[in-house]
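Asks: Quick one: the structure is below, and I'll ask about it shortly.
Here, each number is a calculation from the coordinates, and none is a lab measurement. Given the structure is predicted, the values throughout are model-derived calculations rather than measurements. Positions of Cβ are generated from backbone atoms using ideal geometry, with glycine treated the same way; all protein chains shown enter the neighbour counts.
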């Protein structure tokens, strides 16, 4: 039995309840006290999603772990009243937990997280995103104890450093690619020596490297989210891919410490890698992008956006003025067009991309479903029109560029969100579903009007309506 935003009322409902979901979609009025009153009578709960109980306390969390016999899934994301004490006790009570989501529970510290990781070694999904007090001291336990993980989310953990990840072996990684196939390479068993200062500036720098044997692999881990962990460098990703051989989805958005060399590590995943987010990884170049595309031919979703607003806020002072996202040109877009399985492509904020790259993309990537070209200010309306005509399966197009300020296009776009700065971000133009076909028909009509005006030697004047009149 499953209940959504309500609590059981009868004895039968108490015993039959297996899935309890209380979210934020409606005003349900359920508080921590209400939940604590019914939990002792619900021993069959297997899944509890409690993100909508804003005042959820340690008391109720401990009750849930103690009174339920087979709790497998727990989501307490955003429950700010939970303390490390509740997390610590939960680890000893709910020993069958397989899915644990603790996003934005800001009070969680390293000792509490270490207890969870050491006690619940059979976790298959772990979400510890947006935990400001968590450091490498506890996160490194993931790779040692949670070898059954399938999904791991550590986004926006800003205090996590490279020490949270396995130390990469020197030389090449465990695998190389010959003829598109993965072949085994014996690595150097001595970890790479990293120069360290005589006196560490932070206590976390004194942590010893996490050296794992070459056969220690997390074979089931497929989806990893490390977005906006700005202190991570290339070494963290190099160590990660050596011990996680089958990553299908990897999110590195906003990891400003990564350089062009991170591509060498990503290439080792080969045909396994399908979803990749490199937005705001501002030091990518065309050469490294070529190697990435050729090594990972099964990419389905690719994000190489680099918006100027985010870049200005996140680039370290030492990197400003060096190579940045502007290094990606039309050549990278042409290479991306060769990916036969690519369905979603986001390349917002790449000022060197021109009509040449977009026209090539339209001709060769006909299976694209979603495209984001906002911020590519050198694109013309003609290039966007060609994109609309060639991509028959397109369901979403983001095109916030000056060329789309043309009269008549706004009526097909989604409503402009509040806070949108037209002067700095350009006209808001995002098209979904049926509006894409309507926009295509409108631009086809305008092109026909323009040709007719040229044939009759009449000055062409754009129209915002659907009329074919030349005047």
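Asks: Using the number of other C-beta atoms within 10 angstrom as an exposure proxy, rank 142, 263 with the fewest first. Please list the in-between numbers first.
Replies: Numbers: 142 21, 263 24.
The most exposed by this proxy come first: 142, 263.
Asks: Counting DSSP beta bridges in the chain, what percent are antiparallel, to the nearest 5? Spell out each step's value before the answer.
Replies: Numbers: 8 of 48 bridges.
If I count the DSSP bridges inside the chain, around 15 percent turn out antiparallel.
Asks: Output the 0 to 90 degree angle, nearest 10, between the alpha-carbon long axis of helix 286-295 and the longest principal axis computed from the alpha carbons of the chain.
Replies: 60 degrees
Asks: Tilt of helix 110-119 relative to the longest C-alpha principal axis of the chain, in degrees (0 to 90, nearest 10)?
Replies: The angle comes out near 80 degrees.
Asks: Defining a contact as two alpha carbons under 8 Å apart and six or more residues distant in sequence, what relative contact order in percent does segment 1-122 show?
Replies: Details: 244 pairs, mean separation 24.6, N = 122.
Relative contact order for segment 1-122 comes out at 20 percent.
Asks: Here is a follow-up. Quick one: helix 84-93 against the long Cα principal axis of the chain, what's the angle to the nearest 10°, folded into 0 to 90?
Replies: Computed tilt is about 70 degrees.
Asks: When a/c is below 1.5 the answer is rounded, else prolate if a/b is larger than b/c, else oblate, so apply that to the chain with a ≥ b ≥ c taken from the square roots of the Cα gyration tensor eigenvalues.
Replies: Values: a/c = 2.29, a/b = 1.40, b/c = 1.64.
Oblate is the answer for the chain, as a/c is 1.5 or above yet b/c matches or exceeds a/b.
Asks: Could you calculate the FRET efficiency of residue 248 with residue 456 from 1/(1 + (r/R0)^6), where r is the beta carbon distance between them and R0 is 56 Å, rounded to 0.05?
Replies: 0.50
Asks: Any idea how far apart residue 80 and residue 1 come out in nm if each label point goes 7 Å out from Cα toward Cβ?
Replies: If labels sit at residue 80 and residue 1, their model points lie 3.5 nm apart.
Asks: Relative contact order for the chain: what is it in percent, counting Cα pairs under 8 Å that are at least 6 residues apart? Write out the running numbers ahead of the final one.
Replies: Details: 1036 pairs, mean separation 31.3, N = 471.
With pairs under 8 Å counted, the relative contact order is 7 percent.
Asks: Under the rule of -39500 (n - 2.57) per DSSP H run of 4 or more residues, summed and divided by the residues of the chain, what mean residue ellipticity at 222 nm is obtained, to the nearest 500 deg cm²/dmol?
Replies: Numbers: 16 runs with 138 residues, N = 471.
-8000 deg cm²/dmol, from helical runs alone.
Asks: Alpha carbon centre of segment 426-471 versus segment 86-131: separation in Å?
Replies: Centre-to-centre (Cα) distance: 56 Å.
Asks: Could you tell me how far the Cα centroid of segment 205-279 sits from the Cα centroid of segment 369-420, in Å?
Replies: What the calculation gives is 33 Å, centre to centre.
Asks: Pulled fully out, how much extra length does the chain show between residue 471 and residue 55, if you take 0.36 nm times their separation in residues and subtract their Cα-Cα distance?
Replies: Working: separation 416, 0.36 × 416 = 149.76 nm, distance 6.42 nm.
In short, 143.3 nm is gained.
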